[in-house]
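Here the structure is laid out as structure tokens; the discussion comes afterwards.
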Amino acid sequence: MDIRVESVDESARKEPLTADFGFGNKFSNHMFMQEYTPEKGWHDARIVPYAPFEMDPATAVLHYAQEIFEGTKAYRRADGKINLFRPWENAKRFNNSARRMAMQIVDEEEHLEAIIKLVEMESAWVPEAAGSALYIRPTLIATDLSLAVYSSNTYLHYIIVGPVGAYFAQGFAPVPVYISDKYRRAVRGGVGDAKTGGNYAASLFVGAGAKAKGYSQVLWLDAIEGKYIEEVGAMNIAFVYEGKRIVTPPLTGSILPGITRDSILTLGRDLGYEVKETAVNVHEMLADIKSGKITEVFGCGTAAVIAPVGKFGFKDEEFIINDYKVGPVTQQVYDELTGIQTGRIADRFGWIHTIE
């Protein structure tokens, strides 16, 4: 792919951050963009100065939410090189989401090429601080100007990047999670397995209520029977039984197929744990926490990587997990996974693309 490059004016250039990254609210100097029309296909691929773009008030994405996005990271290695973690899997999921939302797919190799070129150009923005990374956000939006309900004919594909620290303010530490027994995030046959903004918008109302009760995240149950566990916040979830077995709900169509989730399933087996994908009944799960059968719980996703769960709140009862401490299995999986991502541990699975 021929990518035109327009460098930012020196007078407007921002210096890369070295601390106080926050999460997802600071961005580098450049972004990637290209457009799609039926006549030209994907065209005008370019890296340009990061800046707002104008949208007509009738732009389709603003009315019918035809949009998707992805999230992946670039990690600074000790030798100064940069690691991308399974970015081709994110490209595949990007297109799977596009298909589900009736959008134009991108060429996956060209998509990856754009990410690599943008990261190379913004390499100084990949932070060195422990627990930090360069967050990469590819996005695809519908751009037809119409209030009629139909699949857009035109699209904008863009990628922005910026340094991030820990997703949770407390870093790698247990979080409290509230179980929603009334509201649901997604349903089988819907768009729960697509990375589209509506899934996240659907969670905000309950999330705000949970935070008012002192909880950081919401555990979602299935929309059909209201008793099977699906996701925690914007992450997949896993349960550790007696320190030996890692269990996560199966991909039923309403759960996002997480790249981190898939990596943990592979890594868990490699580390000698029994790993299983099976339906988890919320009432049985809470009983297993009480009895001590479940010894650890953690969420997993690109943003947080792994987030230990310290307690569940369900109705008027609290269920403490592992004395509200990070468990040994969670710690081992976190150390191994982040070690591979940052190059501290050899990549034995072929997950890493290194930018020299």
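All of the numbers you see were taken from the coordinates with simple rules; none came from a lab. Since the model is a prediction, treat every value here as computed from it, not as a measurement. As a convention, Cβ positions derive from the backbone with ideal geometry for all residues, glycine included, and neighbour counts pool all protein chains shown.
Just to be sure I understand: if I project the alpha-carbon convex hull of segment 212-356 onto a plane and average over all orientations, what area do I get in nm²?
That works out to 9.6 nm².
Per DSSP H run of at least 4 residues, take -39500 (n - 2.57); add these up for the chain, divide by its residues and hand me the 222 nm value, nearest 500 deg cm²/dmol.
-7500 deg cm²/dmol
Among Asp193, Asp316, Asp107, determine the one that fluctuates most according to a GNM of the chain built with springs between C-alpha atoms less than 10 Å apart.
Among Asp193, Asp316, Asp107, the largest GNM mean-square fluctuation belongs to Asp316.
So how far apart, in nm, are the two label points at Ala287 and Asp347 if each is 7 Å from Cα heading toward Cβ?
Using points 7 Å along Cα→Cβ, the separation is 4.5 nm.
Under 23 Å Cα-Cα from Lys14, which lysines qualify once same-chain neighbours fewer than 8 residues away are excluded?
Lys26, Lys73, Lys81, Lys117
Under 5 Å between amide hydrogens, which residues at least 5 positions from His30 or on another chain qualify, with H placed 1.01 Å from N in the peptide plane?
Counting only residues 5 or more places away or on other chains, the set is Tyr50.
What three numbers, in Å, describe the spread of the alpha carbons of the chain along their principal axes, ordered from the longest?
Projected onto its principal axes, the Cα set of the chain covers 61, 53, 35 Å.
Residue by residue through segment 76-92, which ³J(HN,Hα) values in whole Hz follow from phi under the Karplus form 6.51 cos²θ - 1.76 cosθ + 1.60 (θ = phi - 60°), with glycine and proline marked x?
Once θ is set to phi - 60°, the couplings for segment 76-92 become 7, 7, 5, 8, x, 6, 10, 9, 9, 9, 6, x, 5, 5, 5, 5, 4 Hz.
On a 0 to 90° scale, report how tilted helix 108-121 is relative to the longest principal axis of the chain, with both axes built from alpha carbons and the result rounded to the nearest 10.
For 108-121 against the chain, the angle is about 80 degrees.
On a 0 to 90° scale, report how tilted helix 328-342 is relative to the longest principal axis of the chain, with both axes built from alpha carbons and the result rounded to the nearest 10.
20 degrees
Note the angle between two axes, namely the Cα long axis of helix 282-291 and the longest principal axis of the Cα atoms of the chain, as a number of degrees from 0 to 90, rounded to the nearest 10.
Tilt of helix 282-291: around 50 degrees.
Using a 10 Å cut-off around each Cβ, can you sort Thr248, Thr338 from fewest to most neighbouring Cβ atoms?
Thr338, Thr248
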